[in-house]
1. Output ³J(HN,Hα) for region 492-499: one whole-Hz value per residue in order, computed from phi by the Karplus curve 6.51 cos²θ - 1.76 cosθ + 1.60 with θ = phi - 60°, and x for Gly and Pro.
2. Going toward the positive end of the dipole of region 246-356, with +1 on Lys and Arg Cβ and -1 on Asp and Glu Cβ, which of Gly292, Pro343, Gln321 do you reach last?
3. Starting from the amide H of Leu36, placed 1.01 Å from N in the peptide plane, find each other amide H under 5 Å away whose residue is 5 or more places distant or on another chain.
4. Give the accessible surface of the chain per residue, rounded to a whole number of Å², with probe radius 1.4 Å and ligands, DNA and RNA excluded.
5. Provide the per-residue ³J(HN,Hα) series for region 609-620, in order, calculated from phi with Karplus coefficients 6.51, -1.76, 1.60 and θ = phi - 60°, each as a whole number of Hz, with x at glycine and proline positions.
6. Can you spot the lysines whose alpha carbon is less than 28 Å from Lys615's alpha carbon? Ignore those fewer than 8 places along the same chain.
7. Run the quick spin-label model on Asn198 and Asp175: label points 7 Å from Cα toward the beta carbon, then report their separation in nm to one decimal.
8. Is there a quick way to get the dipole size of the chain? I mean about its Cα centre, with the Cβ of Lys and Arg at +1 and of Asp and Glu at -1; what is the value in debye to the nearest 20?
Amino acid sequence: MTPTADDPGRPLIEAPYGSWASSIPISALVAGTVRLGAPAFDGDDIYWQEGRPVDAGRQVVVRRHPDGSMADVTPPDVNVRTRVHEYGGGAWAVDAGLVVYSNWADGRVYRIAADGGEATALTPEGAWRYADLTFDQARRRILAVREDHTGGGEAVNAIVAIPLDASGAVEVLIDGTDFVSSPRPSPDGSRLAWLSWNHPNMPWDGTDLWQARFDEHGRPTAAEHVAGSASEWTTAPSWSSDGVLHFANERSGWLQLYRRVDGRDELLTPVEAEFADPDWQFGPASYAFGEGGTIWAVGRSDGRDTLWELRAGSAPGRVEQPFTEIGPLRVRQGRALFVGAGPADFGRLVLVDLATGAVETLRHTKSTAFAPGDVSAPQPVEFPTTNGQTAHGLYYPPGNRGFRGPAGELPPLVVTSHGGPTAAASSALSVSTQLLTSRGIAVLDIDYGGSTGYGRAYRQRLDAEWGVVDVDDCVNGALALAARGLVDRDRLAIEGASASGYTTLCAITFRDVFRAGVSYFGIGDLAALEGDTHKFESRYTWRLVAPHKGNEALYRERSPLFFADRIRCPVLLLQGLDDRVVPPDQAQSMMAALEANGVPRAAIYFEGEDHGFRKAENIIRSFEAELSFYGQVFGFTPADPIEPVVIER
């Protein structure tokens, strides 16, 4: 036996990988856990949105006073969320002590005084949804993106004005395109900026940025095209205090920041980094204005976020701070407010003094800490993949201060990847990853071709190649680690959710590398997805695969459902029954196909869950099922007293 690192006198226990007893309990997935987002300043107060798994995932708006005291602003029966685009975002806003929010239960917008009182509805009852809520104080109203489901067929999107007087007289200001977002009035209230795009584009395929002057009735007039096109991504419009319009644009091959001055665009970030995120949700801010014309901006490259200081006439400067993942950014009086995380940090809402770098923590996403000896740090890896390309990932080796694997045995590996598929692997401390590594299971988190943070060319590697490039990168990443002698070639698993669930199903269907597959609300039938999914993504497969009409055979070739007879490994499916992004019949049809072809299989369906599990009990149950599944397939017995999943054969 070998002494442990933290206690040289205590020998390591030799036990099979996967069976190690961990100091990190499965309950850590939800215990003392909150989700933090959408921070905001309002005078001397700070606000944010907080999701609570122990309260069925309910989202609330929280206010923090300068003395550090905190209180919920929104009523206890309210869930502050919106279903616009199904992914939501921009579900609330605050100005001068007045909070407006979207209520998940009825889709209506309400106002409430932060100091207390009754909530008042601002929008009428009906099949409308609202997001990207923005104050237009010059006219005592809210600007918002409205998704109208009152008619038959596809929903209609528009930018609308919502009076704060509760008259319910919602007025359409901008429509006529398939999608709109980011209504941003200038500080003096004279102008409006916004984004628009049309099918079949997703925003990152190409958007248009517009500005217009408000007329005497508060309606935008004489719209001027500022930037972007059907093939050029433009996003994140914002006005500086002196009325200069800023935005992010990808014309250079990287999503960089510009400002419009005297009719021309001035580049502010001549660095190879992405200064905004793909527009899956409304509202996130990737840059903010400071004093004296300074701009503070978050740029992502090489799998991590960096905070930059931008000054006119000077080269961008990196700001030293301890986080590799930086959430929505706000700046006021020399302090940056954001959710920061890193390899040893779950994530916390922080105030960073931009002059000294001092960090003040306002709220932790988790109230517990893990023993350092049981935490596996991510190791950035690059590996060769198809067509001479290079792909990226984060490798987490097994780690436990009390255990080691048997001599001559290598650990099993779980390959995972992000959804989107335009997202990116996160370097933040992850409970789900550490639950595996501390039990003796290695993890590889893949940034496959299509991921954000490596420039447009890397993201567009996935165009027309979904189910191919992503799968190749996951396969080649796993094989690269096995070839380096880090993991057991015969015990490779792959798991993923949503788009990554599709990658998982494709990998176990069309490649014979993985010995287990776990799909969280993954896609088995591409054609059915196009017909069943929501408006926002209803043409997404046109770019990722091809337009369906005329390419029916290709859709079938890329759909694991029709080739279940090729699957040679056990499969676990986990699905929310309220999912509107990937409807439940995707998992149910896949399960039937696995049964028909005699593939070992298991499935768990969760009532009341949609796209991503939010209830504490379901989050715990899904992980326990996954761990039990790996144990049965790879021949180890988990040390945890968990309910086993039943694998049908």
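The values are calculated or read from the model by the stated rules, or taken from the named source; none is laboratory data. All values derive from a computational prediction rather than experimental measurement. Please note: Cβ atoms are built from the backbone with ideal geometry, for glycine as well, and neighbour counts cover all protein chains shown. We work out accessible area using only protein heavy atoms, side chains counted, and drop any ligands, DNA or RNA first. Shrake-Rupley method; radii C 1.70, N 1.55, O 1.52, S 1.80 Å.
1. 9, 10, 9, 9, x, 10, 6, 4
2. Gly292
3. Correct list: Gly51.
4. Values: 24290 Å² over 649 residues.
That works out to 37 Å² per residue.
5. Each residue of region 609-620 in turn: 9, 10, 7, x, 7, 10, 7, 4, 5, 7, 4, 5 Hz.
6. In chain and number order, the partners are Lys366, Lys535.
7. Output for this residue pair reads 1.7 nm.
8. Roughly 620 debye for the chain.
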